[in-house]
Amino acid sequence: MPDGDVTISVTKDAKTYAVNVATLTNGEITASAKEAAEKETVTLTAKPATGYALKAGSVKVTYKDADNNEQTVKATVDEKDANVYTFAMPAYPVNVSAEFVKEYKVTVADAANTNGETKVSATAAVEGTEVTVTVKAADNYQLKADSLTYSYKSGEDTKTEKLTLTDGKATFKMPAADVTVNAVFEPIKVETYSVTVNKAGTGEVAVKVNGAETTD
């Protein structure tokens, strides 16, 4: 024992609560911790199976309160990665769930990049996603009327929908099928006109056509 008063301090570990992640179909969610203290930030990372995507807004974090009522914890999606969410741990064990949905391909036909350029905002998307198509014709070419379309299979039939450009862009909602975007670019027709020169009396009349001068 030292010569004087002694102060003894004890730091108690914060109580932790379980982070329970459901077994999911067509993908999985991993949590940054299996247990966490109240107010601790927990990160959830989704890993979709091939051909699937995490359904937007489907990540749910819930818990049962002291009265056995289910409560929802706000889960915030990362600004740069739609597969990453974070939430603040409540003073209860939580259950994490999510939904993975099928993703469909968006393909641009070869013809849509001949004598022009056709781009899509996504090469794969889930049903209901808005896809933007951007079109730019090469010099001396233009988009052929009604040629900008997207096609997809509906049962045994192939459906083709026309797209209308606004400032070089068009949009469509992704169906539950793979999509092919097509466009045709055609040469811009050069209009030609005849020039008639009526001369009265003597002298010359000079006419310029595309910079070349002819006289009569």
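The values are calculated or read from the model by the stated rules, or taken from the named source; none is laboratory data. Nothing here was measured: the structure is a model prediction, and the numbers come from that model. As a convention, Cβ positions derive from the backbone with ideal geometry for all residues, glycine included, and neighbour counts pool all protein chains shown. Ligands, DNA and RNA are stripped out before the accessible areas are found, and what is left, the full protein with its side chains, is counted by its heavy atoms. Shrake-Rupley method; radii C 1.70, N 1.55, O 1.52, S 1.80 Å.
How much length, in nm to one decimal, is gained on full extension between D139 and D5, taken as 0.36 nm per residue of separation minus their Cα-Cα distance?
My answer for the length gained is 39.1 nm.
Annotation: the antiparallel percentage among DSSP beta bridges lying fully within the chain is about 90. Listed by chain and number, the lysines whose C-alpha is less than 29 Å from the C-alpha of K105, apart from same-chain residues fewer than 8 away, are K47, K55, K60, K80, K119, K136, K144, K153, K159, K162, K169, K173. Projecting label points 7 angstrom from Cα along Cα→Cβ for N69 and A109 puts them 5.8 nm apart.
When the solvent-accessible area of the stretch 52-131 is split by element, carbon and sulfur atoms take up 43 percent of it, the probe being 1.4 Å. One equal scatterer on each Cα of the chain, no solvent, Debye formula: the resulting log10 I(q)/I(0) at q = 0.11, 0.13, 0.17 Å⁻¹ is -0.77, -0.89, -1.10. Modelled spin-label separation between K80 and T45, with each label point placed 7 Å from Cα along the Cα-to-Cβ direction: 1.4 nm.
Taking each residue as 0.36 nm, the span from E127 to A91 lengthens on full extension beyond its C-alpha to C-alpha distance by 9.2 nm. At a Förster radius of 22 Å, what calculated FRET efficiency corresponds to the Cβ-Cβ distance of A176 and K119, to the nearest 0.05? Plugging the Cβ-Cβ distance into 1/(1 + (r/R0)^6) gives 0.40. Measuring between their Cα centroids, the stretch 68-84 and the stretch 113-143 lie 34 Å from each other.
Accessible surface for the chain, divided over its residues, is 71 Å² per residue with a 1.4 Å probe. Along the axis of the charge dipole computed for the chain (Cβ charges of +1 for Lys and Arg, -1 for Asp and Glu, origin at the Cα centre), the listed residues A98, A109, V59 are led at the positive end by A109. Extension gain, K162 to E191: 0.36 nm times the residue separation minus the Cα-Cα distance gives 7.6 nm.
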